[in-house]
């Protein structure tokens, strides 16, 4: 729900959405591909536009004004391509701008946030760890989320500098990545957590090495599938679900096309073609 003072501060824009228009998805980089995979599986008839803002990744260490600037630039591009709904597949961007954008642009936005609520249903000892970026953990949205559920469990917050960068570099199993994971997971294990929330979409691609560290002694919560299910509910509610021929997926990057194709193909385990955004959608001032 938008606060009253926000409604007077921002100008609401009108966009008419129809069912055969595409779904826009964006992230600071390739982490949102973990969400896109579930969306494509659940909604195979939808046309998807995915933008990896890898030229400015990761968002987790950027200030809020920069994250808003980049999110707005990408949103404007997706709307220009006719997006009927936009999925912000980035915890940091969701925390920074989703309520503002929902009001301003007049179309549905689906965001992501650390899955503390589903973690509460899994924990046995009521000690829950959250692995996330510094930007996510310091946001007001996350603080409100943790306070809302903090009465039901002990929530331990673990900032994970460097992890998203390792995924962006395709270094999933690299010794440096494992070293970082062991460091961050051990800090949470020292708190006797029995459940860990992956609070960054990039971390979904680290599920296997994390499992190797915790040896099934700790449950992992990844909300990528839940985001796709929420998208389905909103599409049906807004009468925007497409049910005809199989849909297409188009990939874009603000970084190196060659690097993006190698990285995305590796993460998705199939050959894909990546397109560049027009130059004026790429540059920003930090």
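Any read-out appearing in this document is the output of simple, stated calculations on the displayed coordinates, not a laboratory observation. All of these numbers come straight from a predicted model, not from anything done at the bench. Heads up, the Cβs are rebuilt from the backbone with ideal geometry, glycines too, and the neighbour counts pull from every protein chain shown.
Some values worked out for this structure:
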| quantity | calculated |
| --- | --- |
| GNM flexibility winner over the chain from 271, 84, 241 (Cα, springs under 10 Å) | 271 |
| Residue exposure sequence - 187, 235 - by fewest surrounding Cβ within 10 Å | 187, 235 |
| Quotient of C-alpha Rg and 2.2 N^0.38 Å, computed over the chain | 0.97 |
| Over 15 Å [Cα-Cα, the stretch 116-222], rounded percent | 60 |
